[in-house]
Amino acid sequence: MLQNPATHLALTAPKTRQQLEANLTVLHTPLLSPQEVASWQEYGDLIYGTGQDAFDTQWI
């Protein structure tokens, strides 16, 4: 997540100028609200687990 304070760099690999311009639009978009961040974090935890266990599955 780009809002994580531990994130210092995000790399992209656009193949065309159009892809590069699309990637750069993120620099002009507003930050997510705390509610949106929490919602996406909940979704990520559901899909990938909370990191407590390599086989963490919360949907069971």
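The values are calculated or read from the model by the stated rules, or taken from the named source; none is laboratory data. A quick note: this is a predicted structure, and the numbers were derived from the prediction, not measured. The protein model used for the area step is the full one, side chains on, heavy atoms only, and it has no ligands, DNA or RNA in it. Shrake-Rupley method; radii C 1.70, N 1.55, O 1.52, S 1.80 Å.
Condition first: modelled with pLDDT of 85 or more and part of a loop (DSSP other than H, G, I, E, B). Can you find one or more residues in region 16-23 that meet it?
Within region 16-23, one or more residues are modelled with pLDDT of 85 or more and part of a loop (DSSP other than H, G, I, E, B).
Output the residues belonging to region 1-34 that are open to solvent by less than 80 Å² (accessible area, probe 1.4 Å) and among the hydroxyl-bearing types (Ser, Thr, Tyr).
Residues satisfying the conditions are 7, 16, 25, 29, 33.
Starting from residues that are open to solvent by less than 80 Å² (accessible area, probe 1.4 Å) and of a type in the set (A, V, I, L, M, F, W, C), keep the ones in region 35-48 and report whichever is nearest to the chain's Cα centre (by Cα).
Top of the filtered list is 37.
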